[in-house]
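To start, the structure itself, in structure tokens.
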């Protein structure tokens, strides 16, 4: 049995940021990653907001990570009605980004063990044991455990943490740049509870779909045909994403959930890098406080984790309310919503533009039956602009 201060399960952005935070405080966390290399396989649209770079002091000038900057996005509704807006994000090399975080964690003092799977966790009032497939040292006894194992959260579920509903995503990486801005296409029939995206990169484009419907590949192929996207497919990517945002129970005694395992994803666009890293950093801070107080025989509740998180915008109920209202609308509603904002930048709705939009709403009075729903959409999409990647 190897006794350690902290074990982190999962070498993605959430787990690695937790490791960085803990190591910088003088403790040596052990990160277990089941894959042979950090950052692979890629299961991500690879967009990341400027806010995330700023939050964690990551230079956007790092060309090994950042491949293209975007300051505009387009939300495309049925009948090709377009609402535009500002968004400051970068297309990144997700594998290189994760490896960059891993290097930071190691430099700070963390230990990362790859190609090692955590098979089970024994957790009761007397002990916490992490069981791995490492033949040399199979069992670890940490004082504190952070589960950042990914969306399926099998270990978390084995400890009776709540499950987060999952949604499927599938993506092609394609040769050539098919567009200028980040584009999101909504269609309640073709992509229920989700959308298709076109994210131009440097000489490449990520084209993908996220939806609760089946046959994702066929739906994405049809979307590409309609958009006349014919570039050579370089790579195919797929995976599961938490659908409804953070789960209700985030901590139990000396075990905390972070990243996708905790449902730390924006439920409007289903992006989670910034949110996941934020949860990882706070989980790391709570872990350090827990260990320090343990050494002093002072009781410390990991409920503090939620108290630190709760005032952040991505934890607000309006995000899920926006998801539930927006993704339950019909194409008829979405088309009228698109007509009301077609050709208008959401950031430029001031002065006479307000009158113009109100005039369009009056021509489509049926959507005015839902004033609260429209407000939820406005507020939810505004938060998603900053926390959606």
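The values are calculated or read from the model by the stated rules, or taken from the named source; none is laboratory data. Just so you know, these numbers come straight off a predicted model, no measurement behind them. Here the Cβ positions follow ideal geometry from the backbone for every residue, glycine too, while neighbour counts run over all protein chains shown.
Looking at the stretch 137-155, which of the residues that are out of contact with any helix residue (DSSP H, G or I) (no Cβ under 9 Å at 6 or more places or on another chain) and not in a strand (DSSP E or B) is surrounded by the fewest Cβ atoms within 10 Å (Cβ to Cβ)?
For the stretch 137-155, the residue satisfying everything is 137.
Within the stretch 240-263, is even one residue more than 30 Å from residue 130 (Cβ to Cβ) and touching a strand residue (DSSP E or B) at 6+ places or on another chain (Cβ under 9 Å)?
Within the stretch 240-263, none of the residues are more than 30 Å from residue 130 (Cβ to Cβ) and touching a strand residue (DSSP E or B) at 6+ places or on another chain (Cβ under 9 Å).
From 86, 134, grab the single residue that is at pLDDT below 95, surrounded by fewer than 18 Cβ atoms within 10 Å (Cβ to Cβ), assigned by TED's automatic domain parsing to the domain that holds residue 42 and in contact with a strand residue (DSSP E or B) (Cβ under 8 Å, 6 or more places away or on another chain).
Among 86, 134, only 134 is at pLDDT below 95, surrounded by fewer than 18 Cβ atoms within 10 Å (Cβ to Cβ), assigned by TED's automatic domain parsing to the domain that holds residue 42 and in contact with a strand residue (DSSP E or B) (Cβ under 8 Å, 6 or more places away or on another chain).
If you take the residues in the stretch 264-286 that are farther than 14 Å from residue 10 by Cβ and more than 8 Å from the chain's Cα centre (by Cα), which one is surrounded by the fewest Cβ atoms within 10 Å (Cβ to Cβ)?
Here the answer is 285.
Identify all residues within the stretch 1-34 that are surrounded by fewer than 20 Cβ atoms within 10 Å (Cβ to Cβ) and under 23 Å from the mean Cα position of the chain (by Cα); write none if there are none. Lay out the reasoning, then the answer.
Step one: list which residues in the stretch 1-34 are surrounded by fewer than 20 Cβ atoms within 10 Å (Cβ to Cβ), which gives 1-5, 24-26, 28, 34.
Hit for the stretch 1-34 is 34, nothing else.
Of the residues in the stretch 36-64, how many are outside any helix (DSSP H, G or I) and either crowded, with 17+ Cβ neighbours inside 10 Å or in contact (Cβ under 8 Å) with a residue 12 or more places away in the chain (or both)?
Result for the stretch 36-64: 19.
Being over 13 Å from residue 103 (Cα atoms) and in a helix (DSSP H, G or I) is the filter here; which residues of the stretch 1-14 pass it?
14 - this is the single residue of the stretch 1-14 that is over 13 Å from residue 103 (Cα atoms) and in a helix (DSSP H, G or I).
Of the residues in the stretch 160-192, how many are surrounded by fewer than 19 Cβ atoms within 10 Å (Cβ to Cβ) and in a loop (DSSP other than H, G, I, E, B)?
11
Restricting to the stretch 308-333, name every residue that is surrounded by fewer than 12 Cβ atoms within 10 Å (Cβ to Cβ) and free of Cβ contacts under 8 Å to residues at least 24 places away in the same chain.
If the condition is that a residue be surrounded by fewer than 12 Cβ atoms within 10 Å (Cβ to Cβ) and free of Cβ contacts under 8 Å to residues at least 24 places away in the same chain, then 310, 311, 317 are the ones that fit.
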